[in-house]
Amino acid sequence: MAIVGGLVACAAVAWLFTADQASSMSGMGGMAMLGAGLFLAVWVVMMVAMMFPSVAPMVLTHARIVRSRGEGAAPTVAFVFGYLVVWTAAGLVPLAFIQLLGSPAAAPLNGWLPRLGGAVVLLAGAYQLTPLKNACLRACRSPLSFVLSHDFGGGAPAAARAGMSHGLYCLGCCWALMAVLAVLGLMNLALMAVFAVVFFLEKNWRHGVMLSRVAGAACAVLGATILIRPEFFSLLGGPIS
């Protein structure tokens, strides 16, 4: 209960911070004003808000295993740290994207950006239906199997390595919908909440695999619609116009 409560409390604080930041920013324009370090800090807070509820069963399972060995809380903290390291590194991709959009070199592409955004949404939806997505989702849906098959020994360093391994599987499971979020509005709280619920249900609901496919099909249809009717992009609140 302490572990789950701690993760949920961290997520709640992160949501409050994200809501405060979102009120002072406007899509990509607001995010572009942040320096690289501050952007990554905001990104990590967003990941805590969105991912900690869905990762709680995995962390709890890892804690039970290390506790059965007589180890303390340090390995569990290291596991979560390793997980966040992966998502922090993933934040370099949207950071580079935002900086590219803000550069003069991107000016000639402005007219094509809605269609490029539609292509990203379409490809993200298609990825949801791939075997790679399914493999990553299986790893995230089986906490005990994952922890037992990624046991790198005792102590915090081994736990951090296991956390990074899980972070990679989680990234493989969730990057596509995170790309859709980045395209449609990185600080859009409503979309963040919807995708956070999808991530949680994908990993913890018995119909999660079906939900993943439904989300993929919906994104594919949305992406195709934007490609055909680019003006529809602005109606969705996309940061690119």
Sum of -39500 (n - 2.57) over DSSP H runs of 4+, divided by residues of the chain (222 nm, nearest 500): -26500 deg cm²/dmol
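Quick one: length gained pulling Leu123 to Ala217 fully straight, 0.36 nm per residue minus the C-alpha distance?
Once the chain is fully extended between Leu123 and Ala217, it gains 32.8 nm.
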GNM top mover of Gly208, Gly125, Gly223 - the chain, alpha-carbon springs below 10 Å: Gly208
Region 106-167: equivalent-ellipsoid semi-axes (sqrt of 5 x gyration tensor eigenvalues, Cα, Å): 38, 17, 6
Computed lengthening from Ala41 to Ala19, 0.36 nm per intervening residue step minus Cα-Cα distance: 6.5 nm
Region 111-223 - convex hull of alpha carbons, volume per residue in Å³: 113
Separation in nanometres of the label points that stand 7 Å from Cα toward Cβ, at Thr225 and Ser68: 4.8
Residues in region 75-100 that a label on Leu60 would reach, taking backbone N under 20 Å of a point 7 Å out along Cα→Cβ: 75-81, 83-84
Gain in span if fully extended, Leu92 to Ala193, counting 0.36 nm per residue against the direct Cα distance: 34.2 nm
Inverse of mean 1/r across different Cα pairs in region 2-235, Kirkwood, Å: 18.5
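Readers should treat all values here as calculations from the given coordinates under stated rules, not as data from a laboratory. Owing to the predicted nature of the structure, the values given are computational and were not obtained by experimental measurement. Because the Cβ atoms are built from the backbone with ideal geometry, glycine has one as well, and the counts that use them run over all protein chains shown.
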